[in-house]
Structure formats: structure tokens, C-alpha cells
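Encoded as C-alpha cells, the structure appears first; notes follow it.
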Amino acid sequence: MDETRLLQKLMGDPKLKTRVKVENLLLVHLGLRQCSQTVLPVDLPNAEGMGSTIDRRMAPKMIQIQRVTDPRRKLAAIASLKKEMRTAYDKVVRASDQYKGLLSWARDLRLRTRLADVRPTVQELYLFKEGRVGGRLKGLMKSRQKIRARVYASAKPGMERIRLAYPEEFEGSWLREMGEMLGYPGCCVEAYVSDREREFNVEERAARQLAEAEQLGNMDPLAYYVGYFFPCTPDCEQAASRGRECLESLADLDPSLGELYSTLVAGNLENVRLQPEVIARYRARVEGGPEVRP
Ligand SMILES: [Zn+2]
């Protein structure tokens, strides 16, 4: 199939979110990003349905565990819950047409893949072209395991669960390497790391900067060139120039792709504005439920 037909087919496929098609598949395929990260099942169109199916399957077991008081029995029960969660995840997410469709598109676009376990019901799929990226990713995933093991071993009662769930998010050297892997500008990665290390809330910082910049008119939507990325400032020249490069290349390929990308960028910006609320809801859920470490 020629490239134009292949792209038309990709854009018409209902099994993927538009953002994943453009930012995670197409931009890597075109060499505009060296690597993308797709979070499963969140980045699939039916993520909510999948999540609630898994929750429903796990609910009876969750209730049982909350009733266990003996610490040793509780540990054993949690270990078996984790196993069942992974089985449910495999049956609901990895067996789905949406997940299989994503992998099949990676193949058709000649992208390499690497899957990483994050939690029993969350995985990350990395897409890239060069073999050396896979090697570095493998190293990063190993060091994430080490960071987690270290933090769990020294965990104290009353520690925030979000720090236990994602301890690598508070580790500068790991964040720097992951930022570089995903091709983020150095200035933006440094701002992110410095916030995390000082325990400042990155999401609130980014949302506040955006609100201020919109009032003053000094912002560039293209600085929000991919999703889940926080520019150091809403007019960061390095981030915006990446956005411009993506926009121009996509528009050259097909003007409608350029327009589509502009709407995605506007959506990314909107997500940064809403992110503090999303995080607050997530925290409330994590802090409220039983503790399940990956
Ligand atoms: Zn920057």
C-alpha cells in the first residue's frame, strides 16, 4: 500500500484515538519524535469501559481484602489480588481489538515497540524507530524497578501513596533521562525536575502559568506540541519550534492533517489547564482505596 493510502487508512481507523494516531504513531513514523509513550488502557478509546470492567471483576476481592486484619494474610491476599488484576488486564485490555489494532499499526508503520509494566492494570507502550532507543528504554525500566524497590523498602507509615505508586516521578536523574528519551526540550525537562525535586506541584505550576500568560497574551499554543507535556513557560521557544516543525511537516503531507494537529495542540493546552483537577481526583481515589503496589 502506498504511503498516502496507508495514512488515509490510519486516520479513518476508529480503533485508535486521534491523538495517539498523530502524536504517537505518525510523528515517530515521520522522524519528528524519536520515541512516544502510550499509556494503556488510558490512551485507548474504550479506556473507561475497560477500567470499569476490570474494577467490576476485582470488586469482590477488594472487599475481602479490606476485611483481612492479620498482616501476613493481608500481604498474601494482596499478592494474589495483583495476579488476578494482571489476568483481568490481559483479558480485557491486551485481548481487545483496540490494543491489537495499535500494535498492528506500529508494525505497518515499521515502528519498534517496547511494553513496560507500571502497575498490575497499567502498561506503557513505547514506539520508536531506532534499535538503540530500545536499549536505553530497557535500562530506564530497570532503573525504575530499582528506584521502586528502594522506596518500598524504606517506606514509612503515613507516606503519601502517590509517592509509593510513582516514586520515579521524584527522582531527578530518572526524569531527565526519560524526558530526553521522549525528545522534550532540555529547559522544559529541567523545570519539571526542579519542581518535582522541591516537591512543587508541576501540574499546578503549568496551569497557573497558562492562566497568567493568556491574560498577558504571551503564549504560543504550539508549545503544547504533544500531550502530557509541560513546557517550562507557555511561550517556550524550544517547545514551540518543535510544534511548528510538526505542524509544517503534517500540513505538507496533507493540509487536513495540519488542521487536525492544530486542534490536538489546542486540546493539549486545555488538558494542562484542567490537569490539577484531574490529579486531585486521581489522588482522592488512590488515597482512598487499598494499597496495591506493582
Ligand atoms: Zn522550555
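Tyr184 falls short on exactly one of the conditions (1) under 30 Å from Arg144 (Cα atoms); (2) away from the ligand (no atom under 12 Å from the Cβ), and that condition is (2). For Thr263, the conditions (1) touching a residue at least 40 places away in the same chain (Cβ under 8 Å); (2) more than 30 Å from Gln66 (Cα to Cα); (3) more than 16 Å from the ligand (Cβ to nearest atom); (4) among the β-branched types (Val, Ile, Thr) are fulfilled apart from (1).
Got a sec? Which of Glu177, Glu245, Glu203, Glu168 is within 21 Å of Phe128 (Cβ to Cβ), among the acidic types (Asp, Glu) and touching a residue at least 60 places away in the same chain (Cβ under 8 Å)?
Values: Glu177 fails: touching a residue at least 60 places away in the same chain (Cβ under 8 Å); Glu203 fails: within 21 Å of Phe128 (Cβ to Cβ); Glu168 fails: touching a residue at least 60 places away in the same chain (Cβ under 8 Å).
Criteria check complete, one pass: Glu245.
Scanning the range 216-241 for residues that are within 14 Å of the ligand (Cβ to nearest atom), in a helix (DSSP H, G or I) and either crowded, with 23+ Cβ neighbours inside 10 Å or aliphatic (A, V, I, L, M) (or both) yields Leu222, Ala223, Ala239, Ala240.
Looking at Val202, Val292, can you tell me which residue is under 30 Å from Pro120 (Cβ atoms), buried (at least 16 other Cβ atoms within 10 Å of the Cβ), at pLDDT below 95 and within 16 Å of the ligand (Cβ to nearest atom)?
Val202
The residue that is surrounded by the most Cβ atoms within 10 Å (Cβ to Cβ), among those in the range 133-159 that are over 21 Å from the mean Cα position of the chain (by Cα) and in a helix (DSSP H, G or I), is Val151. Scoring Leu10 on the criteria (1) in contact (Cβ under 8 Å) with a residue 24 or more places away in the chain; (2) closer than 20 Å to Val122 by Cα; (3) surrounded by 15 or more Cβ atoms within 10 Å (Cβ to Cβ) leaves a single failure, condition (2). Please work out if Arg176 is among the basic types (Lys, Arg) and more than 16 Å from the ligand (Cβ to nearest atom). No, not satisfied.
Suppose the filter is exposed (fewer than 13 other Cβ atoms within 10 Å of the Cβ) and small (Gly, Ala, Ser); does Ala59 pass it? Against the criterion (exposed (fewer than 13 other Cβ atoms within 10 Å of the Cβ) and small (Gly, Ala, Ser)), Ala59 qualifies. Under the condition of being of a type in the set (Asp, Glu) and in contact with an Asp or Glu (Cβ under 8 Å, 6 or more places away or on another chain), the residues counted in the range 205-223 number 1. Of the residues making up the range 65-104, those that are within 22 Å of His29 (Cα to Cα) and in contact with a strand residue (DSSP E or B) (Cβ under 9 Å, 6 or more places away or on another chain) are Tyr99, Leu102, Leu103. Here is the figure for the range 122-132: residues that are of a type in the set (Lys, Arg) and outside any loop (DSSP other than H, G, I, E, B) total 1. Among all residues of the range 206-213, there is none that is more than 16 Å from the ligand (Cβ to nearest atom), part of a helix (DSSP H, G or I) and among the polar types (S, T, N, Q). Checked against the criterion of being charged (D, E, K, R) and either over 21 Å from Gly217 (Cα atoms) or surrounded by 15 or more Cβ atoms within 10 Å (Cβ to Cβ) (or both), the candidates Glu270, Glu245 yield just one match: Glu245.
The values are calculated or read from the model by the stated rules, or taken from the named source; none is laboratory data. Quantities reported herein were computed from a predicted structural model and do not represent experimental measurements. Reconstructed Cβ throughout: ideal geometry from the backbone, glycine too, with neighbour counts over all protein chains shown.
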